[in-house]
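Structure first, then comments.
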Amino acid sequence: MTTLWVAYEGVRYPVVVRAGLFQELGRELDALGVDRARPLFVLSDEAVGALYGARVEAALRSAGYAVARYDVPAGERSKSLATLEAVTGAMLRAGIDRRGVLLALGGGVVGDLGGFAAAVYMRGIEYVQLPTTILAHDASVGGKVAVNHPLAKNILGAFYPPLAVLYDVAALRTLPPREVRSGYAELIKHALLSDAAFVAWLHQAAGALLRLDPIVTAEALVRGIAVKAAIVADDPKESRGVRERLNVGHTVAHALEAAEGFGGLLHGEAVAVGLVWETALAVELGRASPALLTEVVRLVRAFGLPATPAEAAAAGLLRRAADAAAWATFMRYDKKNRGRGVRFALLSAPGAVALVDVSPEALTDALAAALRRAEEAARAIPAPEGAVRLAPPHGGPDAAVDGTPLGSGSEPATGRMSTGGSPDAAAGRTPAAGPGSPAGASAERAPAGPVAEEEG
């Protein structure tokens, strides 16, 4: 077991990394001072809830806690105001009061949505992050919580730290291969933010990490979490320009995701493209060497991730490779921006990042030149022999995206209340209400209608 502490400005909470934590949640909550009189609300998504929801509920009930659970549809489109309304409605119907504790069981989407729900519900209740993905080693640490707007990712949010992060790494074994690859994009980012030694180690460990070797994977996650925790402690509310370094690759990534309507392209896939494209921009602006761009492309290749929009589109991950001007439109809404300029966190070397503002007048031409350079670098570095196949198969978790128009926003929110982790719930069927269940909670679905629609 490894426990790291995130501490800053009167805030201190543990990040516990250990296999088997879900079976010991009662003991962990007891150690955090959560007494049995406080109602618990488990928020998950339909995929994770089917795998782990019942066992988490059972572990908590066996420890004497009263528990309700609500599952939202899986995917980035659940980070919307409509889904937030559905979640808080379920909390009200479940009788969650100000003593309640929300447990966010899932990946970065559930963590962001759950943390924001906790921040605004009854003006704030406590919550615990229960990450189940590799990507969530970044999203669950640092206290940034948010939902999306159709024009910009994470634009509606708060700084709201959790009571704890309890990371059961055994849950990673059920991740689809595409989710595994996507999750490592944030680890690549953390290595580039750290130093050359971490970058070299990550190159060597790539094969073991893709196989989810338990020892190597746990070490990688702990190292990534430590990098982020140190940066967060130095600038918890992004007011000193230090925490903004965590947005390396994310100005491009968030624009790609927004242009896709927050569907299809996974966050880590967008970050991989963003890391390459933004490093190419740093080279174009004279702030980085071509050798650094080569290094970033090699890292992305090692984990089977796309290096350019064209590669993502060819693999069916991106609906179409639009031109730089189309994506620049979405970058202008990025929350890091100051005044009229678009702000990038650009690498000059491993461990060295500068915040650079690009004027609106220069943005499109600069992006286009950087994209050409990124594509040239990617063509010069083929995928290593034996690398995982980039193109997702049809059907299943790796299915290619559909034809939803660019910038379409999210779908109407839906969700399902669990009433006790029955076999029906695990199978994805609506369970019947049972003794002790919230009244009317056997099946809850938000009204259909217009939807107003991770570090970043």
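If you average the C-alpha positions of region 208-285 and of region 152-176 separately, how far apart do those two centres end up, in angstrom?
Spelled out, the Cα-based centre of one part sits 14 Å from the other.
Sort Phe344, Phe330 so that the residue with the fewest other Cβ atoms within 10 Å of its own Cβ comes first and the one with the most comes last.
Phe330, Phe344
In what sequence do Lys79, Lys336, Lys189 fall when counting other Cβ within 10 Å, fewest first?
Lys336, Lys79, Lys189
Quantify how much of the Cα-Cα distance distribution of region 238-380 extends past 28 Å, in percent.
9 percent
What full-extension length gain, to one decimal in nm, is calculated for Arg340 and Arg12 as 0.36 nm per residue of separation minus the Cα-Cα distance?
Taking Arg340 through Arg12 to full extension adds about 114.4 nm, to one decimal.
Once you place label points 7 Å from the Cα toward the Cβ at Glu85 and Thr2, how far apart are they in nm?
The two pseudo-label positions are separated by 4.3 nm.
Under 8 Å for C-alpha pairs, at least 6 residues apart: give me the relative contact order for region 14-158, rounded to a whole percent.
Normalised by residue count, the contact order of region 14-158 is 22 percent.
Through the Karplus equation 6.51 cos²θ - 1.76 cosθ + 1.60, θ set to phi - 60°, convert the phi angles of region 180-186 into ³J(HN,Hα) values in whole Hz; use x for Gly and Pro.
Each residue of region 180-186 in turn: 4, 4, 4, x, 6, 4, 5 Hz.
For His190, His137, His203, which order do you get if you count the other beta carbons within 10 Å of each Cβ and list the fewest first?
Listing His190, His137, His203 from fewest to most nearby Cβ atoms yields His203, His190, His137.
Once you order the gyration tensor axes a ≥ b ≥ c over the Cα atoms, which shape class does region 13-111 get: rounded for a/c under 1.5, otherwise prolate or oblate by comparing a/b with b/c?
It comes out oblate by the Cα gyration axes.
What does the charge count around Arg99 come to, taking other residues whose C-beta lies under 14 Å from its C-beta (Lys +1, Arg +1, Asp -1, Glu -1)?
Neighbourhood net charge equals +1.
Compute the length gained on full extension between Arg61 and Asp357: take 0.36 nm times their separation in residues and subtract their Cα-Cα distance, giving the result in nm to one decimal.
Full-extension gain reported as 101.4 nm.
Given points 7 Å out from each Cα along the Cα-Cβ axis, report the Arg99 to Ala31 separation in nanometres with one decimal.
Distance between label points: 2.4 nm.
Taking 0.36 nm per residue of separation and subtracting the Cα-Cα distance, what length does fully extending Ala349 through Leu212 add?
Stretched out fully, the Ala349 to Leu212 stretch lengthens by 46.5 nm.
Hey, could you pull the Cα Rg and Dmax for region 188-305, both in Å?
In order Rg, Dmax, the Cα atoms of region 188-305 give 14.7, 41 Å.
FYI, it's all coordinate maths here, none of it is from the lab. Predicted model only: the values in this text are computed from it and were never measured. Neighbour counts are summed over all protein chains in view; Cβ atoms, including those assigned to glycine, are modelled from backbone coordinates with ideal geometry.
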